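> Quick one: structure below, then a few questions.
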Amino acid sequence: MEQTVDRTSLGAFLRVRREALQPEDVGLRRGPRRRTRGLRREEVAELCDMSCDYYARLERGSGPQPSQQMAAAIARGLRLTPEERDHLFLLCGHGAPQRQLRGEHVGPGLMRVLDRLQDTPAQVMGPLGETLLQTPPAVALLGEQTHYAGAARSAPYRWFTDPTARERYLPDDHELNSRVNVALLRAAATREGPRSPAARLVASLVRESGEFAALWDRQEVGLRWSDAKRFVHPSVGRLDLYCQTLQDPDQSQSLLVFTATPGTDSHEKLALLNVLGTDSFPAG
C-alpha cells in the first residue's frame, strides 16, 4: 500500500549517504581543489541517471515523490545496501521493493569493483542472465544489453529467439553454447521449483524455440561455461578472451570480467575497442 512520501527524512537520508561516499568509492578522481564533503550533488545525479536539479530538490525536501523505478536508480547510484535500499523505498512512500526491482539492485560490493573496471569489459548479470550493468568497454565488445524488457532481458531467451544474439560469438561455439544455456536453465528450474521465474522461462522457450525444446528433451546436466571465450566483432574481428567470474551469492548475481593475454592480437584489439567506443559500429 502506497504511503505519503516523507520529504524531510528523505532529504536528510540522501544528504548523509551522499556525504558518506568518497570519489574513490565510485571510480572518480578526487582532484586537488575538492572541498565538498563526500560527493557533489551533480556527481550523484549522474550516477543515478537523473538531472541535478531533480536530485537537489529531493535533498532539499521540495521534490516530487520518486517512483519505484527512480528510487531503485537512487539506491544504485548511492551504493546502498539492501537494508538501506528498503529504508529508502519506505521514505519515498512505497512498500518493500517489487521482486523485480529487488533482484536488479546491485550490492555496494559489486558496484565498488565495477567502478574500478571502467577501462575493462565487465558487466553484472542477474540469476537468469539479465545484464544489469555494463562498463563502456563491455558495451563496445558485446553491444548494449541493459535496455531489453520482458523475457528478452534474459540472455538465454535471446539466444534461442533472436538470431542477432549469436552474431558476436564464433559460429563453431554456437552448438555448445546452446547446450550450456539449456543445462544451466534446467539446474535453475530444478533448484527453484516449478513456479519460479526460471521454470516460466523454460516453459516459454519450449513453446517458442524448436532448438531449445529438442535440447531440453536430451536431459543434459552439469555443463558449465568455459573460461575461454571466442568472439567475432564487426569492427576488429575475432577476439580470444578469458572470462573471470565473481559471484555474489546473497544477491544471486555475478560480475563477468573479460581480459586478453598481453602481447596477443586479441589484447591489441581489445585496447582498440576501448579507443573506438561504441560510436563506430552498431550494437548487437
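The values are calculated or read from the model by the stated rules, or taken from the named source; none is laboratory data. Note that this is a predicted model, so its numbers are computed, not measured. Ideal geometry is used to build each Cβ from the backbone, glycine not excepted, and the neighbour counts take in all protein chains shown.
> Residues that are over 24 Å from the mean Cα position of the chain (by Cα) and not assigned by TED's automatic domain parsing to the domain that holds P197: does the range 66-78 have at least one?
No; the residues of the range 66-78 include none that is over 24 Å from the mean Cα position of the chain (by Cα) and not assigned by TED's automatic domain parsing to the domain that holds P197.
> Taking the range 14-37, which residues are under 11 Å from L78 (Cα atoms) and not acidic (D, E)?
Answer for the range 14-37, where residues must be under 11 Å from L78 (Cα atoms) and not acidic (D, E): L14, R15, V16, R17, R18, A20, L21, Q22, V26.
> How about the range 153-178: which of its residues are closer than 21 Å to D240 by Cβ and either crowded, with 18+ Cβ neighbours inside 10 Å or touching a helix residue (DSSP H, G or I) at 6+ places or on another chain (Cβ under 8 Å) (or both)?
A155, W159, A165, R166, R168, Y169, H174, N177, S178 - these are the residues of the range 153-178 that are closer than 21 Å to D240 by Cβ and either crowded, with 18+ Cβ neighbours inside 10 Å or touching a helix residue (DSSP H, G or I) at 6+ places or on another chain (Cβ under 8 Å) (or both).
> Report yes if some residue within the range 96-119 is polar (S, T, N, Q), at pLDDT 90 or above and touching a Ser or Thr at 6+ places or on another chain (Cβ under 9 Å); otherwise report no.
No, the conditions are met nowhere in the range 96-119.
> Select from the range 181-201 the residues that are crowded, with 18+ Cβ neighbours inside 10 Å and touching a residue at least 24 places away in the same chain (Cβ under 8 Å) and list them in ascending order.
N181, V182, A183, L184, L185, R186, A188, P197, A198, L201
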